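The values are calculated or read from the model by the stated rules, or taken from the named source; none is laboratory data. None of the values given here were measured: they were computed from a predicted structure. Cβ atoms come from the backbone with ideal geometry, glycine included; neighbour counts cover every protein chain shown. Surface areas here come from the heavy atoms of the whole protein model, side chains and all, with no ligands, DNA or RNA. Shrake-Rupley method; radii C 1.70, N 1.55, O 1.52, S 1.80 Å.
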Amino acid sequence: HRDLHSFPTRRSSDLDSVLAQTYTNVRLYVVDDGSTDGTPSILQRYSRYGFCVRQAHLGQATARNCALSISRERYIAFLDADDYWLPAKLELQIALLEQNPGVGLVCSDCETVEGREYVGSYFANSGVPRTGKVFERLTRECFVFTPTVVVRRECLDQVGLFNESLAVSEDFELWLRIAAQWDIAVVPEVLAVREIRPEGLSVSTRPEIYLEHGIAALENVKAVCRGLSRNEAHALQNAIAERTYIYGSHLLASGRRRESRTKLISVLQRRPADWRAWIKYGLTFLPSGLSGRLIERRQRFVCQGN
């Protein structure tokens with residue numbers, strides 16, 4: 001592990017990392033999504049670089065769509081309050097988009113900082129995804145992190161904006177809709193840093209919300225993306241089944257057996273040979289205390305086996 005001395009010095013605001021870009025043709029569109037701290041006074045310092053808008057707290061999808069509705073730029077990049085960019089990010093990614101008209105979106109590797117500790121870069125742990133048609137891998141693994149993205153306006157005009165019905169996974173759902181129609185380019189180096197804080201959305205959101213909205217995101221992609229290949233459609237079906245299995249397992253572990261049974265039945269309808277789902281389905285008929293002990297023993301056995 002490394003510490004923050006490995007990173008560029010954190011500036012007074014995440015917006016300063018935008019103004020420090022080596023690519024200087026930048027315009028800011030900042031949406032204050034109902035903050036209750038000193039955000040409005042901070043944003044006044046940046047008003048000459050673009051537009052600062054304040055709205056009631058409506059969620060991150062609505063905030064991003066608000067900014068997109070007032071912008072007219074050819075390329076769009078995203079930055080949330082907990083994240084910041086490295087200086088060469090826009091220069092590298094926009095050059096790639098200029099050279100490759102079939103690429104709708106370009107992303108990169110991302111560092112994560114939790115507290116004052118370096119957690120690691122994503123690609124270092126998972127491998128660098130290939131550039132091109134990435135829909136199948138993206139259904140299984142969301143390697144497109146929002147602060148690493150630069151996307152064409154033309155691309156958003158074609159596939160639509162963020163789905164405001166989703167409290168989380170709204171970015172994942174949009175990246176999938178883009179990947180269904182466009183190539184995605186992947187820059188293997190770190191160009192953005194995510195900072196995880198205890199009060200942040202990624203930490204404070206209940207697991208049930210993540211699971212429900214993650215499944216809803218995939219179901220929506222299935223409903224609107226009609227031109228998928230056979231392999232892409234199969235990958236999407238598997239991703240829905242896998243997330244539903246995880247949700248059913250979570251409900252079982254929480255003692256909510258009837259709800260778990262409903263989710264696991266849905267998995268088995270999609271994947272009748274999924275023995276894990278059959279086992280969990282059987283456990284839903286046992287008393288909650290007994291099923292919990294069996295799950296605990298199995299987990300202990302697996303850990304010892306590893």
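For every other residue with a beta carbon closer than 9 angstrom to the beta carbon of L218, add +1 if it is Lys or Arg and -1 if Asp or Glu, then tell me the sum.
Counting the neighbours of L218, the net charge comes to 0.
For segment 165-188 and segment 116-130, compute the distance between their C-alpha centroids and round to whole Å.
Distance between centres, Cα-based: 19 Å.
Are there any trypsin sites (Lys or Arg not before Pro) in segment 108-163 that are in a DSSP loop and have at most 14 other Cβ atoms within 10 Å? List them by number.
R116, R130
Which residues' amide hydrogens lie under 5 Å from the amide hydrogen of A192, considering only partners 5 or more residues apart or on another chain, with H built in the peptide plane?
Here L86, E111 satisfy the definition.
Would you work out which of T146, Q181, T262 lies farthest towards the positive end of the dipole of the chain? Charges go on Cβ: Lys and Arg +1, Asp and Glu -1.
T262
Using a 1.4 angstrom probe and counting only protein chains, how large is the accessible area of W278 in Å², to 10?
Around 130 Å² of this residue is reachable by solvent.
Can you work out the Karplus-derived ³J(HN,Hα) for every residue in segment 132-145? Use 6.51 cos²θ - 1.76 cosθ + 1.60 with θ = phi - 60°, whole Hz, and x for glycine or proline.
Using θ = phi - 60°, the values come out as x, 7, 10, 4, 4, 5, 5, 5, 8, 8, 7, 9, 9, 9 Hz.
Say we join alpha carbon atoms closer than 10 Å with springs in a Gaussian network model of the chain; which of L97, L191, L283 then has the biggest fluctuation?
Taking springs between Cα atoms under 10 Å, the residue moving most is L283.
From the backbone phi of segment 230-245, what are the Karplus-calculated ³J(HN,Hα) couplings (6.51 cos²θ - 1.76 cosθ + 1.60, θ = phi - 60°) in whole Hz, Gly and Pro given as x?
Those phi angles translate into 4, 5, 5, 5, 5, 4, 5, 4, 5, 5, 4, 4, 5, 5, 5, 4 Hz.
How many nm is it between the label spots at N238 and V26, if each spot is 7 Å from the Cα in line with the beta carbon?
Distance between the two pseudo-spin positions: 4.0 nm.
Amide H of Y75: which non-local residues (sequence gap of 5 or more, or other chain) have their own amide H closer than 5 Å, using H built in the peptide plane?
Close amide H contacts, sequence-distant or interchain: R153.
If each DSSP helix of 4+ residues adds -39,500 (n - 2.57) and the sum is divided by the residues in the chain, what number results at 222 nm, nearest 500 deg cm²/dmol?
Dividing the helical sum by the residues of the chain leaves -14500 deg cm²/dmol.
Take every Cα pair under 8 Å in the chain that's 6+ residues apart, average their separations, divide by the length, and report that relative contact order as a whole percent.
17
So how much accessible area does V224 have, in Å² to the nearest 10, using a 1.4 Å probe?
Number for this one is 80 Å².
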